[in-house]
Amino acid sequence: MKIPLLRLNYSKEEKKNIKKGLEEILSSGFLTMSKKVAHFEELFAEFIGVKFAVAVNSGTSALEIPLRALKVKGKSVIIPTNTFMATPLAAIHAGAKVIFADISSKNLSIEPKEIEKRIVANTVGVIPVHIGGIISPNWKEIRRICRSNNLFILEDAAHAHGSKINNQNAGSLGTAAAFSFYPTKVLNTGEGGMITTNDKSLYKQFITLRDHGKKDPKKNIHTELGYNWRMSEITALLGIQQVKKARQVLQERRMQAKLYDKLLINCSNLKLQKIPAKVKSSYYKYIIFVNRSIRDKIKKDMYSNFGINLPGEVYSSLCHSQPIIKTNKNIIIKKGDQFFKNAKKISSEQLCLPLYPGLKEKEIKYIVRSLKKTLNKLIKY
């Protein structure tokens, strides 16, 4: 049996709808920024529970546009070191100085006390990252600190389509939020991103910046230093189908995670990532922890001996240790902070197991059996 990194799971009905939508797009004469994009934005805003959604060409753009609108140039923002490089790069491209912070050893999220420790005179915001679909259970405290210090909260919700805390959706918790639709994500369109917010003034700025700084898309009058961050109609067409089945996708991912929990709960050679009681994860990743000395050997053996491709960790390479970050003048690391104790430990011990729509129960059982055999073999030696 072979287990791939990912399967694209489109039903016959979905394929039929996509073909029909493609014919509509080609007949309309509009390949970008038209009815499909507007409909996708409307559906996604409703799904998240916000007033506004702005479709863009990537999750990275969905981060950079709000940062530009929030006037971070020359100011500093606080970001956890265990995130994909898109998060700090978006801030740097928007002109911000980046201050990296450590994370909680329990929930992979930025620690409230870390935010307080790293605030400096020109700090204007924080970018919490919902790693693996887990929202920090300390969200109330994070929000209190940010309000007390007049800091914006830009949620990096690239992993968190459908994640909730106290029944409130990721993407509706801060000043604005950024989602990604990369192929591995919970909802995917190949490439693409979405910005969500309840702030009408910011929404208008997002719209302007997305289209080369034009307030009116019908006129070539440019009032802002924007860029081409537009989404195509074909990308939006795929997005519409994804949002329509979002609840089904989330239910399937959560059922798969529940099965993993049941099969692994008594395995003494690993630890499971616990989901906080008031959090409902999207399960973008199913995360376990193993001895760091055998983590990479497990990945190699699972593939060579059992044909199982294990997905990437979140994240094995921390942002503050990346070569470009070490030499970049826009990075602020206070004395001693280079150690990032919790993030370093977690990054070397975590392992992610396959989880995506269409992954069958028998395949999950095969993955678990193979993992247990691999662990037993490696631990013996």
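Could we say that Tyr286 is surrounded by 19 or more Cβ atoms within 10 Å (Cβ to Cβ), of a type outside the set (A, V, I, L, M, F, W, C) and either in the same structural domain as Ala157 (by TED's automatic domain parsing) or over 22 Å from Asn167 (Cβ atoms) (or both) here? So Tyr286 fits the description; yes. For segment 145-168, a tally of residues being of a type in the set (Ser, Thr, Tyr) and not in a loop (DSSP other than H, G, I, E, B) returns 1. For segment 197-204, the condition holds for at least one residue, the condition being that it is surrounded by fewer than 19 Cβ atoms within 10 Å (Cβ to Cβ), outside any helix (DSSP H, G or I) and touching a residue at least 12 places away in the same chain (Cβ under 8 Å). Highlighted here are the helices (runs of 4 or more DSSP H) found entirely within segment 280-381 that include at least 1 residues which are in contact with a Pro (Cβ under 8 Å, 6 or more places away or on another chain): 323-326, 341-349, 361-380. The single condition among (1) acidic (Asp, Glu); (2) modelled with pLDDT under 95; (3) within 23 Å of the chain's Cα centre (by Cα) that Glu191 does not satisfy is (2). Got at least one residue in segment 86-108 being of a type in the set (Ser, Thr, Tyr) and closer than 15 Å to Leu151 by Cβ? No, the conditions are met nowhere in segment 86-108. Do the conditions hold for Leu209, that is, is it part of a helix (DSSP H, G or I) and over 21 Å from Ala160 (Cα atoms)? Yes: the conditions hold for Leu209. One residue stands out among those in segment 65-97 that are touching a residue at least 40 places away in the same chain (Cβ under 8 Å) and of a type in the set (D, E, K, R): the one that is nearest to Glu191 (Cα to Cα), which is Arg68. Looking at Gly190, Gly226, Gly239, Gly171, just one residue is part of a loop (DSSP other than H, G, I, E, B), in contact with a helix residue (DSSP H, G or I) (Cβ under 9 Å, 6 or more places away or on another chain), in the same structural domain as Trp139 (by TED's automatic domain parsing) and under 21 Å from Phe30 (Cα atoms), and that residue is Gly190.
With the condition kept exactly as written, say whether any residue in segment 59-66 is within 20 Å of Phe340 (Cα to Cα) and crowded, with 23+ Cβ neighbours inside 10 Å. The answer is no, given that none of the residues of segment 59-66 is within 20 Å of Phe340 (Cα to Cα) and crowded, with 23+ Cβ neighbours inside 10 Å.
Look through Ile346, Ile325 and report the one residue that is at pLDDT below 90, crowded, with 20+ Cβ neighbours inside 10 Å and over 13 Å from Ile367 (Cα atoms). Result: Ile325 is the single residue among Ile346, Ile325 that is at pLDDT below 90, crowded, with 20+ Cβ neighbours inside 10 Å and over 13 Å from Ile367 (Cα atoms). Counting the residues of segment 6-37 that are in contact (Cβ under 8 Å) with a residue 24 or more places away in the chain and not hydroxyl-bearing (Ser, Thr, Tyr) gives 16.
The values are calculated or read from the model by the stated rules, or taken from the named source; none is laboratory data. No experiment lies behind these values; they were computed from the predicted model shown. Using ideal geometry, Cβ is built from the backbone for each residue, glycine included, and neighbour counts are taken over all protein chains shown.
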